[in-house]
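S.K.: Sharing a structure with you now.
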Amino acid sequence: MSRLRTLTESVINGDEEAVVKLARQLLAEGIGATEILNEGLIPAMNVVGDRMKKHEIFLPEVLLSASAMKAGLEVLKPLLTAGGASLGPKIILGTVKGDLHDIGKNLVGMMLTGAGFQVIDLGIDVPAEKFAEAIREEKPAIVGMSALLTTTMPEMKTTIDALEAASLRRKVKVIVGGAPVTAEYATRIGADGYAPNAALAVDLVRQLVQ
């Protein structure tokens, strides 16, 4: 088994220590950071996403794999940046104002990063103005909003309305998610898409940036 394949398996298995070690070894052997990303890390998260969609693995395993991928990416990131590697479109994520939950959002962010996107995480309790400011500064392709409470779901509509008022809505696609959120609700508030879990969120983002 090649080292790249071993790296992929280590990410799938959530072995963070092995991922970091292998990434460093591959770099030392002269393998480019972009190749390690595209042939080692991203394929691993594709497998994890597929297994998650099929309910073959669950949240604890996915979190371990995503954390291992992130650790490998940290090894590569300085070289990817220095080499001018072409990263995927920017995605802004945030949990809406009044909501302090972030496990789902964080997992979506890690899965998107593993899929090659540039993720800008605004954190929790994010007001509409902060989303708007980030869009102006970062010029993302997509903005993702999360809510875990039914009481904070209306903030999604508030944010979309604020983006419309600021003439920013047409510049980005807006996706929403979280336990109480539904596809019907996403349509009703004018979002461009909804995903019930992190693996399907990656699929949705890929569709929207095509």
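The values are calculated or read from the model by the stated rules, or taken from the named source; none is laboratory data. Model, not experiment: these values are computed from the prediction. Heads up, the Cβs are rebuilt from the backbone with ideal geometry, glycines too, and the neighbour counts pull from every protein chain shown. Ligands, DNA and RNA are stripped out before the accessible areas are found, and what is left, the full protein with its side chains, is counted by its heavy atoms. Shrake-Rupley method; radii C 1.70, N 1.55, O 1.52, S 1.80 Å.
S.K.: Take the solvent-accessible surface of the protein heavy atoms, probe 1.4 Å, and return the percent of it on the chain that carbon and sulfur atoms account for.
M.R.: Of the solvent-accessible surface of the chain, carbon and sulfur hold 53 percent.
S.K.: Probe of 1.4 angstrom, ligands and nucleic acids ignored: what's the accessible area per residue over the chain, in square angstrom? Each step should come with its number before you reach the end.
M.R.: Working: 10240 Å² over 210 residues.
About 49 Å² of surface per residue is accessible.
S.K.: Something else: If amide hydrogens are placed 1.01 Å from N in the peptide plane, which non-local residues have theirs closer than 5 Å to the one on Val119?
M.R.: Residues meeting the criterion, in which the H sits 1.01 Å from N, are Ile91.
S.K.: Once the other residues with Cβ under 15 Å from the Cβ of Leu64 are scored (Lys, Arg +1; Asp, Glu -1), what is the net sum?
M.R.: Working: positive: Arg51, Lys70; negative: Glu9, Asp15, Glu16, Glu17, Glu56, Glu61.
The answer is -4.
S.K.: Sticking with this one: Is the stretch 94-210 best put as rounded, prolate or oblate by its Cα gyration tensor, with a ≥ b ≥ c the root eigenvalues, rounded for a/c under 1.5, and otherwise prolate when a/b is larger than b/c, oblate when not? Before the final figure, lay out the partial values.
M.R.: Details: a/c = 1.27, a/b = 1.07, b/c = 1.19.
Cα axes put the stretch 94-210 in the rounded bin.
S.K.: Top to bottom by accessible area (1.4 Å), largest first, where do Lys139, Lys21 land? Walk me through the intermediate numbers first.
M.R.: Values: Lys139 155, Lys21 125 Å².
My answer, sorted largest first, is Lys139, Lys21.
S.K.: Report ³J(HN,Hα) in whole Hz for each residue of the stretch 90-102, in order, from the Karplus equation J = 6.51 cos²θ - 1.76 cosθ + 1.60 where θ = phi - 60°; Gly and Pro get x.
M.R.: Those phi angles translate into 7, 10, 9, 10, x, 8, 5, 3, x, 10, 10, 8, 9 Hz.
S.K.: Could you give the dipole magnitude of the stretch 74-130 about its Cα centre, charging the beta-carbon of Lys and Arg +1 and that of Asp and Glu -1, in debye to the nearest 20? List each step's numbers first, then the result.
M.R.: Numbers: 5 positive and 6 negative charges, 36 e Å.
Charge dipole of the stretch 74-130: 180 debye, to the nearest 20.
S.K.: Long-range amide H contacts for Ile142: which residues qualify at under 5 Å (H placed 1.01 Å from N, peptide plane, sequence gap of 5 or more or a different chain)?
M.R.: The list, which skips near neighbours in sequence, is Ile92, Lys173.
S.K.: Suppose a student asked you for the relative contact order of the stretch 121-210, using Cα pairs under 8 Å spaced at least 6 residues apart; what percent would you report? Please list the in-between numbers first.
M.R.: Details: 106 pairs, mean separation 24.5, N = 90.
Reported relative contact order: 27 percent.
S.K.: Based on Cβ point charges of +1 for Lys and Arg and -1 for Asp and Glu, what charge dipole magnitude is obtained for the stretch 38-96 about its Cα centre, in debye rounded to the nearest 20? Please report the intermediate quantities before stating the final value.
M.R.: Working: 6 positive and 5 negative charges, 33 e Å.
Around 160 debye, computed over the stretch 38-96.
S.K.: Let me ask another. Quick check: the angle from helix 128-138's long axis to the longest principal axis of the chain, C-alpha only, nearest 10 degrees?
M.R.: Roughly 50 degrees between the two axes.
S.K.: Solvent-accessible area of Arg5, probe 1.4 Å, all protein chains present, reported in Å² to the nearest ten, please.
M.R.: 110 Å²
S.K.: If you project the alpha carbons of the stretch 1-136 onto the principal axes, what extent comes out on each, in Å, largest first?
M.R.: Cα extents, longest axis first: 48, 37, 21 Å.
S.K.: Got a sec to turn the phi values of the stretch 195-200 into Karplus ³J(HN,Hα) couplings, 6.51 cos²θ - 1.76 cosθ + 1.60 with θ = phi - 60°, whole Hz, x for Gly and Pro?
M.R.: With coefficients 6.51, -1.76 and 1.60, one gets 9, x, 8, 5, 5, 6 Hz.
S.K.: Helix 59-82 against the longest principal axis of the chain: what's the angle in degrees, Cα atoms only, rounded to the nearest 10?
M.R.: 80 degrees
S.K.: With every protein chain in place, what's the accessible area of Val172 (1.4 Å probe, Å², nearest 10)?
M.R.: Roughly 10 Å² of Val172 is accessible to a 1.4 Å probe.
S.K.: Sticking with this one: I need the phi-derived Karplus couplings for the stretch 174-191: 6.51 cos²θ - 1.76 cosθ + 1.60, θ = phi - 60°, integer Hz, Gly and Pro marked x.
M.R.: For the stretch 174-191, the Karplus-derived couplings read 10, 10, 9, x, x, 3, x, 7, 10, 4, 5, 5, 4, 5, 5, 8, x, 6 Hz, x marking Gly and Pro.
S.K.: Could you identify which residue out of Glu35, Glu133, Glu56 has the top mean-square fluctuation in a GNM of the chain using Cα springs shorter than 10 Å?
M.R.: Glu56
S.K.: Next question. Under a point spin-label approximation (7 Å from Cα along Cα-to-Cβ), what is the Leu100-Gln210 distance to one decimal in nm?
M.R.: 4.1 nm
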